[in-house]
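Data first, discussion second: the structure below is written as structure tokens.
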Amino acid sequence: MPLNEGLSIGALAKRTGLAVSAIRYYEREGLISPWRNAGGQRRFARADLRRLSFVMIAQQFGYTLPQIRAQLDQLPMGRTPTKADWGSMSVSFREELDARIVALTELRDNLDGCIGCGCLSLEACALYNPKDKAGAAGQGPRYLMGDRAASAEC
């Protein structure tokens, strides 16, 4: 098939490993934009292989479709994205991933101590929150999420 004819939905499914129904869903969500050929069949740009691969990888890292769409919206829709386009888009994504890596590393390191301690020393416990001081910073296990207690020596 000539490159300018695009990929059928079946060919795109075979290349990405996605079900046809998933590709249609991503189309409805605005993550890819096929065109119709003279016979009314969907045709996809070869660049949609990369877009869908990005969607699949981002979902594995816990990103929601609105977050993924916000990233992909930075890429051009009328032409195949260049390396520079992908590089520009990846700056904010990289910053987000770096922040997640730091948070996950900190969680892992703190959780190791928490699981093994048996709460024999509440003064040094990363979950200990006297008088709910951490509640002012928001919901969840604030100290394990990176917040620091003024008096904690974790």
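The values are calculated or read from the model by the stated rules, or taken from the named source; none is laboratory data. Quick caveat: nothing in here was measured; it's all calculated off a predicted structure. FYI the Cβ positions are ideal-geometry reconstructions off the backbone, even for glycines, and counts take in every protein chain you see.
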Could you list, in sequence order, the residues of the range 56-85 that are in a helix (DSSP H, G or I), exposed (fewer than 14 other Cβ atoms within 10 Å of the Cβ) and more than 14 Å from the chain's Cα centre (by Cα)?
Lys83, Ala84
Starting from the range 73-87, take each residue that is within 10 Å of Ala45 (Cβ to Cβ) and list its partners that are hydroxyl-bearing (Ser, Thr, Tyr), counting only C-beta distances under 8 angstrom and pairs at least six apart or across chains.
Met77/Ser33
Please name all residue pairs, on different chains or six or more residues apart, with Cβ atoms under 9 Å, provided the first residue is in the range 39-53 and is closer than 13 Å to Ile9 by Cβ and the second residue is at pLDDT below 90 and among the acidic types (Asp, Glu).
Arg43/Glu5
Pairs under 8 Å by beta carbon, first residue part of a helix (DSSP H, G or I) in the range 7-32, partner of a type in the set (Ser, Thr, Tyr), six or more apart or different chains?
Thr16/Ser53; Ile23/Thr16; Glu27/Ser33
